[in-house]
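Step one of this worksheet: look at the structure below.
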Amino acid sequence: MLCFNAADGKEIWQKNPFTEFGGKYGIWGIAESAVIDGDALFFVVGGSKATMVALNKNTGDTLWASDSIGDTSSYCTPLLVNHGGRKILTMLTADHLVGVDAANGKILWTVAVTDFAKRSSQINPNTPVSRDGMIFYTSGYDQGAIMLKLNADGSAVETLWTNPEFDNHHGSVVLLGDYLYGPNWKDNGNGDWLCVEWKTGKTVYATHWGSKGSLTCAEGMLYCYEEKSGNVALVKADPAGFTPISTFKVPAGEGPHWGH
């Protein structure tokens, strides 16, 4: 982890918490981003000594190191959730959904991936989505999706629903109104584009359009980037159906279109 002066690029500090805390990561290297809140910088080390670490962003000094749950990191940038007077960092490690108290690093709760999925792929790059005390997680490789509900102070969770069909590989999903939108895994190359009810997990539609990919949204519209052929579509975010309004093909590049 390094800190640079943005004006001239000079290094201010550097630290290797992966070495210090016995951190481990998978075959795709360190692919997640850190999270900053105030003077604290948080990230997952997935180590034998700690699961998550907080550093002072100005000095690099360790603010806290959580306990280890014996799990490696898994490319997932954490989400900071404000709930019940507590700030909670939540993410997917290789085999668990985890909630950590941002104030002190206490691990509040864990949920094993295999509690809702047939198996654990240990590749979980999608940042969770949260609203109204609910936290949504999804990951590809036939792992599916799960919605958890936080208790009053965020110290525990319960499962509200699961959806094995909504297994987003990477490129994430977006929440608009009461619906989640995004593609699924479906044997890697044949993913559909789905709309799923936020509160119930019910799949409203699953439409095949090229292959899976990534998406973002603006002003009630979805911008969908299909990874196999590089097609881009403008789609109204409407639970009535997936209907491209206009499309174009990205002309450059070779191989999968994996730029989110």
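Hey, can you tell me all the residues within segment 3-28 that are modelled with pLDDT of 95 or more, outside any loop (DSSP other than H, G, I, E, B) and open to solvent by less than 90 Å² (accessible area, probe 1.4 Å)? Talk me through it step by step, then tell me what you get.
So in segment 3-28, the residues modelled with pLDDT of 95 or more come out as 3-14.
Filter once more, keeping what is outside any loop (DSSP other than H, G, I, E, B): 3-4, 11-14.
The answer is Cys3, Trp13.
For segment 112-133: of the residues being among the aliphatic types (A, V, I, L, M) and either in contact with an Asp or Glu (Cβ under 9 Å, 6 or more places away or on another chain) or over 18 Å from Thr216 (Cα atoms) (or both), which is surrounded by the most Cβ atoms within 10 Å (Cβ to Cβ)? It would help to see each step written out before you state the result.
Quick first cut of segment 112-133, residues among the aliphatic types (A, V, I, L, M) only: 112-113, 117, 123, 129.
Now restrict to residues that are either in contact with an Asp or Glu (Cβ under 9 Å, 6 or more places away or on another chain) or over 18 Å from Thr216 (Cα atoms) (or both): 112-113, 117, 123.
On the way: Ala112: 12, Val113: 25, Ala117: 20, Ile123: 20.
Going through the qualifying residues, I end up with Val113.
Given the residues Ile69, Ile36, which is the only one that is of a type in the set (Val, Ile, Thr), assigned to a strand (DSSP E or B) and open to solvent by 20 Å² or more (accessible area, probe 1.4 Å)?
Numbers: Ile69 fails: assigned to a strand (DSSP E or B).
Testing whether each residue is of a type in the set (Val, Ile, Thr), assigned to a strand (DSSP E or B) and open to solvent by 20 Å² or more (accessible area, probe 1.4 Å) leaves just Ile36.
On the given criteria, is Ala233 touching a Cys at 6+ places or on another chain (Cβ under 7 Å), open to solvent by less than 50 Å² (accessible area, probe 1.4 Å) and either within 21 Å of Tyr137 (Cα to Cα) or of a type outside the set (Gly, Ala, Ser) (or both)? Steps first, answer last, please.
Working: touching a Cys at 6+ places or on another chain (Cβ under 7 Å): yes; open to solvent by less than 50 Å² (accessible area, probe 1.4 Å): yes; either within 21 Å of Tyr137 (Cα to Cα) or of a type outside the set (Gly, Ala, Ser) (or both): no.
No; evaluated as a whole, the condition is false for this residue.
Only residues that are open to solvent by 10 Å² or more (accessible area, probe 1.4 Å), outside any loop (DSSP other than H, G, I, E, B) and either without any contact (Cβ under 8 Å) to a residue 12 or more places away in the chain or in contact with a Pro (Cβ under 9 Å, 6 or more places away or on another chain) (or both): list them for segment 44-66, please.
Answer for segment 44-66, where residues must be open to solvent by 10 Å² or more (accessible area, probe 1.4 Å), outside any loop (DSSP other than H, G, I, E, B) and either without any contact (Cβ under 8 Å) to a residue 12 or more places away in the chain or in contact with a Pro (Cβ under 9 Å, 6 or more places away or on another chain) (or both): Thr62, Ala65.
From the residues in segment 77-92 that are out of contact with any Pro (no Cβ under 6 Å at 6 or more places or on another chain) and under 16 Å from Asn168 (Cα atoms), which one is least open to solvent (accessible area, probe 1.4 Å)? So that I can check it myself, show each step before the final result.
Step one: list which residues in segment 77-92 are out of contact with any Pro (no Cβ under 6 Å at 6 or more places or on another chain), which gives 77-78, 80-88, 92.
Then keep just the ones that are under 16 Å from Asn168 (Cα atoms); that gives 77, 92.
On the way: Thr77: 32, Leu92: 6 Å².
Looking at the filtered set, the residue picked out is Leu92.
With respect to Ala31, is the statement that it is aliphatic (A, V, I, L, M), under 24 Å from Met134 (Cα atoms) and assigned to a loop (DSSP other than H, G, I, E, B) true? I'd like the intermediate steps shown before the answer.
On the way: aliphatic (A, V, I, L, M): yes; under 24 Å from Met134 (Cα atoms): no; assigned to a loop (DSSP other than H, G, I, E, B): yes.
No: the conditions fail for Ala31.
Among residues belonging to segment 206-230 that are more than 23 Å from Thr127 (Cα to Cα) and either in a strand (DSSP E or B) or among the hydroxyl-bearing types (Ser, Thr, Tyr) (or both), point out the one that is most open to solvent (accessible area, probe 1.4 Å).
His208
Quick test for you: out of Asp142, Asp167, pick the one residue that is surrounded by 18 or more Cβ atoms within 10 Å (Cβ to Cβ), within 25 Å of Gly210 (Cβ to Cβ) and touching a residue at least 12 places away in the same chain (Cβ under 8 Å).
Details: Asp142 fails: surrounded by 18 or more Cβ atoms within 10 Å (Cβ to Cβ).
Unique residue meeting the criteria: Asp167.
The values are calculated or read from the model by the stated rules, or taken from the named source; none is laboratory data. Owing to the predicted nature of the structure, the values given are computational and were not obtained by experimental measurement. Neighbour counts are summed over all protein chains in view; Cβ atoms, including those assigned to glycine, are modelled from backbone coordinates with ideal geometry. Surface accessibility is based on the protein's heavy atoms, side chains included, excluding ligands, DNA and RNA. Shrake-Rupley method; radii C 1.70, N 1.55, O 1.52, S 1.80 Å.
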